[in-house]
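Trainee: After the structure tokens below, expect a handful of questions from me.
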Amino acid sequence: MPFEELVHIDGCYFPPFPPLARDAKSHLEAMRDMKTREDDVIVITYPKCGTHWVWEIIVMLLKGRAEYHPLTREHAFLDIIDDLSSLDSLPSPRVFNTHVPYRWLPREHFKAGRKFVNVIRNPKDVAVSWYCHWHSSNELGCGSLSWSEFFEEVVVGQYKNAFGGYFNFQKELYNAVQSNKADYSLCTLYYENLKKDPVSEILTLASYLGVTCTPQLASAVAEKCSFQNLKQASDAVKDHGQIAKAMKEMGKKPPKFYRKGEVGDWKNWYTVSQSERHDALIKKEMQDVDFDLKLIYEI
């Protein structure tokens, strides 16, 4: 049965990443308690919201050069790193990334007012991208699962609380930030705005990070980090050793991380009925959202 391998803890479902499959409680607590540095940046995203994209942009901005990092972002993906202390050997500034909900994010990093970047993407495109991601690698036995079956199981069904659930993930994070405004530092980017006007969004991100970025550098970073260029770099430049190791231990092949990267592709997948049902769920979930969450479905 698909999804039977999911790790279930505290109302959340996670893929069986090796450290989570072995002892999810211990690994998540280690993430929460990990020590960070003053200049560390942590990218916190719900899955399929542009993690590779924004991680690469941040790395370039911190370097001050539009050059690809030789490794994929998985070498700093907290969810799959067995021994988090091994990250101590990485040179500063370090750019980590994670998909776990707020309750397990490095608490010291928040309390010290250090940098966090969250990327929000509309939930319909997220659902389609996630389906294609799992389907491409047959993760969790999803290789033979139809879109309709995935929609029923994950989008509106039993497993909609994967990684805490799309809306719970955002609500838990922003409620915590609002309760600790004097201390917490968070930059929010919208996937769709970054697609529509990457140079402007990159300049805004650079300002948050406190780094110098000219319009020329922002334009160069935007070009290097366009979908097609990143996809090509992933194949030709990147060392995928960390994710390959994790997937091998899971008995799976690495998924395809770059498919289309479009805004509004959900229209090619959703039936009218599915769209209406998801709309109803979104409306229900957003009833108690007391922060400015502007979902963008087309540009």
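The values are calculated or read from the model by the stated rules, or taken from the named source; none is laboratory data. In this text, all values refer to a predicted model and were calculated from it rather than measured experimentally. So basically every Cβ, Gly included, is an ideal-geometry build from the backbone, and we count neighbours across all protein chains shown.
Trainee: Modelled with pLDDT of 95 or more and part of a helix (DSSP H, G or I), is that true of residue 193?
Mentor: yes
Trainee: Here are 184, 166, 191: which of them is in contact (Cβ under 8 Å) with a residue 60 or more places away in the chain and farther than 23 Å from residue 279 by Cα?
Mentor: 184
Trainee: Scanning the stretch 57-78 for residues that are charged (D, E, K, R) and surrounded by fewer than 23 Cβ atoms within 10 Å (Cβ to Cβ), which turns out farthest from residue 206 (Cα to Cα)?
Mentor: The residue in question is 67.
Trainee: Please count how many residues of the stretch 145-173 are of a type in the set (Ser, Thr, Tyr) and in contact with a strand residue (DSSP E or B) (Cβ under 8 Å, 6 or more places away or on another chain).
Mentor: 1
Trainee: Using beta carbons and a limit of 8 Å, which pairs, at least six apart or on different chains, have the first residue in the stretch 19-39 and in contact (Cβ under 8 Å) with a residue 24 or more places away in the chain and the second one of a type in the set (S, T, N, Q) and exposed (fewer than 13 other Cβ atoms within 10 Å of the Cβ)?
Mentor: Note: pairs meeting the criteria are 37/92; 39/92.
Trainee: Next question. Just to be sure, is residue 280 hydrophobic (A, V, I, L, M, F, W, C), modelled with pLDDT under 85 and part of a helix (DSSP H, G or I)?
Mentor: Spelling it out, it is not the case that residue 280 is hydrophobic (A, V, I, L, M, F, W, C), modelled with pLDDT under 85 and part of a helix (DSSP H, G or I).
Trainee: Now for a separate question. Scan the stretch 166-185 and tell me whether some residue there is modelled with pLDDT of 95 or more, out of contact with any Cys (no Cβ under 6 Å at 6 or more places or on another chain), in a strand (DSSP E or B) and over 20 Å from residue 10 (Cβ atoms).
Mentor: No: zero hits.
Trainee: Given the structure, is residue 125 within 27 Å of residue 194 (Cβ to Cβ) and among the acidic types (Asp, Glu)?
Mentor: In short, yes.
Trainee: Going by the conditions given, is residue 15 surrounded by fewer than 15 Cβ atoms within 10 Å (Cβ to Cβ), touching a strand residue (DSSP E or B) at 6+ places or on another chain (Cβ under 8 Å) and farther than 21 Å from residue 185 by Cα?
Mentor: So residue 15 does not fit the description; no.
Trainee: Six or more apart or on different chains, Cβ atoms under 9 Å: show the pairs whose first residue is in the stretch 207-235 and farther than 13 Å from residue 54 by Cβ and whose second is modelled with pLDDT of 95 or more and hydroxyl-bearing (Ser, Thr, Tyr).
Mentor: 213/207; 218/200
Trainee: Given (1) over 18 Å from the mean Cα position of the chain (by Cα); (2) at pLDDT 95 or above, identify the lone condition not met by residue 96.
Mentor: All conditions pass for residue 96, except number (1).
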